[in-house]
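Since the structure comes first, as structure tokens, the remarks are kept for the end.
The values are calculated or read from the model by the stated rules, or taken from the named source; none is laboratory data. Given the structure is predicted, the values throughout are model-derived calculations rather than measurements. Neighbour counts run over all protein chains shown; Cβ positions are idealised from the backbone, glycine included. Ligands, DNA and RNA are stripped out before the accessible areas are found, and what is left, the full protein with its side chains, is counted by its heavy atoms. Shrake-Rupley method; radii C 1.70, N 1.55, O 1.52, S 1.80 Å.
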Amino acid sequence: MSTTFDVINPATEKLVTTLQEADSAQTDEIIAKAAKAFLTWKKVSPGDRANLLRRFSAVVTAHREELAQLEITNSGHTRGNALWEADNVANVLNYYAGAPERLFGKQIPVAGGVDITFKEPIGVVGIIVPWNFPMPIASWGFAAALAAGNTVVLKPAELTPMTAVRLAELALLAGIPEGVLNVIVGKGSVVGARFVSNPTVRKISFTGSTSVGKSIMAGCADQVKRVTLELGGKSANVIFADSDIDRAAAAAPGAVFDNSGQDCCARSRILVQKSVFDRFMAGFEKGVKEYRVEDPNLDSSQMGPLVSKKQLETVQSFLNDKDDTVAFTGSAPTGAGYWMPPTVLLPKSVNARTWQEEIFGPVVSVLPFEDEAEAIALANASDYGLSGSIWTNDLGRAMRVSRAIESGNLSVNSHSSVRFWTPFGGFKQSGLGRALGPDALDAYTETKNVFFATE
Ligand code: NAD
């Protein structure tokens, strides 16, 4: 029997809508539908599949305002971010529309025949999405999966299902056949868990917390099910004395407080070389105080509310720690909504919980370091390795430190966001496999080797 759940606007705490959540049997039915659609979708010619993905991209662009509005209302994302996110879906679809005609195999020299490799689709792919970037993360999975000839069952996070549901409708509008992209709203422990246990789902692409990711990986082991994991982070923003300190300080608030800090790539540990610590902190404080935390519908808004009451409480629970002092905070609205000001902490040591754990909210910790060796050691003293930034004007140091930091995505003298045409993923407990760019197609195909005897 299906149950319902409420979707709440985090900026106002008002009810947005009530949705049905699928149970295990309904999940199985949709997985069976995706398996049936796979039989025809994998045979759609590369050119036709490319055209359908391009049409899907164009339909998303035509609905960007509507999609952005849904995300503002459902997730509290700022208008600027929500429009970027809708455009990101269109861009990712357009990028992977180039893939069906470029899924090259190899011809490998052999004696007595011809040897060719093929990139075969895997089958039904289960995509499990977190609540922090509902649109982009869904599309990073489904665009590459569909381009490679798979069909998809996708589960959005319980808190933020609205845009995923709409994207599945837009796919149909664009002419993607019924059953090819299926969105199933429901609990992780029911729908997501069924993706893992149902043998018809041949691959899981999971983005979310490291703890759930580990249980999914363990569940996949039972069937040797393919799995890609995009997990948590505690990324370092390393500022050397030889960098443009004013620029580094001005850029630091956006690098951690964008999306209210609910970003796996948030630079939530700032490391500053001792000799420029005070100068950096003065510039950083100015930037934090000016950071606009306000109604996400406003064009000027830089940060909205946190996604839910529970998330607000979790983040606030980090602030009562005796191992930190609060350096300064920004501002936030009062009244209805899950608001919190950007908060800057000075941990007493690297053992502070706030230095070690992913907070996933607008909280950042700052520590000084002596020299390059200490900066690298501190940056790497984490189970995570997703992202990070290095600020220096010394080219040799930029090269050395970016090679030494154990992380999947680094930027030098910038906090560049994820680019859809370059690979994205984590070292260590931040994940397994890569999304985006040319590499993602490997995650959605199997390599088949065929030898043709000619003698
Ligand atoms: P979460 O792990 O609680 O949930 C993620 C998804 O998994 C949701 O759809 C949830 O319903 C589902 N789920 C929960 N339990 C499940 C189970 N037992 N079986 C199958 N599915 C299950 O994470 P969240 O709180 O939604 O998102 C925040 C986390 O996601 C943070 O740790 C963040 O760093 C991480 N994240 C990582 C990336 C990345 O690319 N590396 C991107 C965004 C978010």
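Structure above, values below:
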{"quantity": "Residues in the stretch 431-451 that a label on F118 would reach, taking backbone N under 15 Å of a point 7 Å out along Cα→Cβ", "calculated": "445-451"}
{"quantity": "CD proxy at 222 nm, helix term only [per DSSP H run n ≥ 4: -39500 (n - 2.57); per residue of the chain; nearest 500]", "calculated": "-11500 deg cm²/dmol"}
{"quantity": "Gained length - S275 relative to R292, 0.36 nm times residue gap less alpha-carbon distance", "calculated": "3.1 nm"}
{"quantity": "Accessible surface, the stretch 236-419, averaged per residue in Å² (probe 1.4 Å)", "calculated": "41"}
{"quantity": "Helix 277-290 axis, angle to the chain major axis (alpha carbon atoms, nearest 10°)", "calculated": "70"}
{"quantity": "Probe 1.4 Å - accessible area at T447, Å² to nearest ten", "calculated": "100"}
{"quantity": "Loop chymotrypsin sites (Phe, Trp or Tyr not before Pro), the stretch 261-359 (other Cβ atoms within 10 Å of the site Cβ: 16 or fewer; DSSP)", "calculated": "none"}
{"quantity": "Summed side-chain charge close to I108 - residues other than I108 whose Cβ falls under 15 Å, Lys, Arg +1, Asp, Glu -1", "calculated": "+2"}
{"quantity": "Student exercise, the chain dipole from Lys, Arg, Asp, Glu Cβ charges, in Debye to nearest 20", "calculated": "860"}
{"quantity": "The chain: angle of helix 134-147 to the longest principal axis, Cα-based, in degrees nearest 10", "calculated": "30"}
{"quantity": "Cβ-placed point charges (K, R +1; D, E -1), dipole of the stretch 236-419 about Cα centre in debye, nearest 20", "calculated": "100"}
{"quantity": "Gained length - D23 relative to L346, 0.36 nm times residue gap less alpha-carbon distance", "calculated": "111.7 nm"}
{"quantity": "Environment charge of F451, counting only residues whose C-beta is closer than 13 Å and scoring Lys/Arg +1, Asp/Glu -1", "calculated": "0"}
{"quantity": "Placed amide H near V272: partners under 5 Å, 5+ positions off or other chain", "calculated": "I239, L367, F369"}
{"quantity": "Virtual spin-label span in nm between N380 and T314, 7 Å along Cα→Cβ", "calculated": "3.0"}
{"quantity": "In nm, spacing of pseudo-spin labels at L173 and K106 (7 Å Cα→C-beta vector)", "calculated": "4.3"}
{"quantity": "Ranked packing of 419-428, 253-262, most packed first, by mean Cβ within 10 Å", "calculated": "253-262, 419-428"}
{"quantity": "Within-12-Å neighbourhood charge of A398 [Cβ basis; K, R +1; D, E -1]", "calculated": "0"}
{"quantity": "Distribution of pairwise C-alpha distances over the chain, 10 Å bins, in %", "calculated": "4, 20, 29, 25, 14, 5, 1, 0, 0"}
{"quantity": "Contour minus Cα-Cα distance for D371 and T200 (0.36 nm per residue)", "calculated": "56.2 nm"}
{"quantity": "Protein accessible area in the chain, 1.4 Å probe - carbon and sulfur %", "calculated": "54"}
{"quantity": "Alpha carbon centroid spacing (whole Å) that separates the stretch 369-390 from the stretch 118-143", "calculated": "31"}
{"quantity": "Entries in K43/K428; K14/K348; K106/K225 that, when Cα-Cα distance is taken, lie over 28 Å", "calculated": "K43/K428; K14/K348"}
{"quantity": "I390 long-range amide H proximity, modeled H, under 5 Å", "calculated": "V238, S411, V412, N413, S414"}
{"quantity": "Separation in nanometres of the label points that stand 7 Å from Cα toward Cβ, at A453 and A58", "calculated": "5.0"}
{"quantity": "Qualifying trypsin sites (Lys or Arg not before Pro) for the stretch 273-342 [loop in DSSP, other Cβ within 10 Å: at most 16]", "calculated": "R292, K322"}
{"quantity": "Amide hydrogen neighbours beyond the local backbone of V16, cut-off 5 Å, H modeled", "calculated": "V7, I8, N9"}
{"quantity": "The chain - share of DSSP beta bridges that are antiparallel (%, nearest 5)", "calculated": "40"}
